[in-house]
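Trainee: Sharing a structure below in structure tokens format, with a few things to ask.
The values are calculated or read from the model by the stated rules, or taken from the named source; none is laboratory data. Because the structure is a prediction, the values reported are computed rather than measured. Glycine also receives a Cβ, built like all others from the backbone with ideal geometry; neighbour counts cover every protein chain displayed. For the accessible areas, the whole protein counts, side chains as well, though only heavy atoms, and no ligand, DNA or RNA atoms are used. Shrake-Rupley method; radii C 1.70, N 1.55, O 1.52, S 1.80 Å.
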Amino acid sequence: MARSTTRPVVKLRSTAGTGVTYVTRKNRLNDPDRLVLRKYDPVAGAHVLFREER
């Protein structure tokens, strides 16, 4: 079964400038704009905002 284009793979990059990334899938129907999640940055040692990168 093929992957759906409704849930693309997106890369989340840390806003702290450490270069840490997370890879996840998002639902394009529920989140049409760029995804912003608060996740743990191991280089910064704290939770920071991660923004979707294109």
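Trainee: Inside the range 40-54, can you point out the residues that are within 15 Å of VAL10 (Cα to Cα) and in contact with a Phe, Trp or Tyr (Cβ under 7 Å, 6 or more places away or on another chain)?
Mentor: If the condition is that a residue be within 15 Å of VAL10 (Cα to Cα) and in contact with a Phe, Trp or Tyr (Cβ under 7 Å, 6 or more places away or on another chain), then PHE50 is the only one that fits.
Trainee: Also, quick follow-up: Grab the strands (runs of 3 or more DSSP E) fully contained in the chain, keeping just those with 2 or more residues being of a type in the set (S, T, N, Q).
Mentor: 21-25
Trainee: Across the range 38-54, what is the number of residues that are in contact with an Asp or Glu (Cβ under 9 Å, 6 or more places away or on another chain), of a type outside the set (D, E, K, R) and open to solvent by less than 70 Å² (accessible area, probe 1.4 Å)?
Mentor: Qualifying residue count, the range 38-54: 2.
Trainee: Looking only at residues that are open to solvent by less than 50 Å² (accessible area, probe 1.4 Å) and among the small types (Gly, Ala, Ser) in the range 5-24, which one is farthest from ARG38 (Cα to Cα)?
Mentor: GLY19
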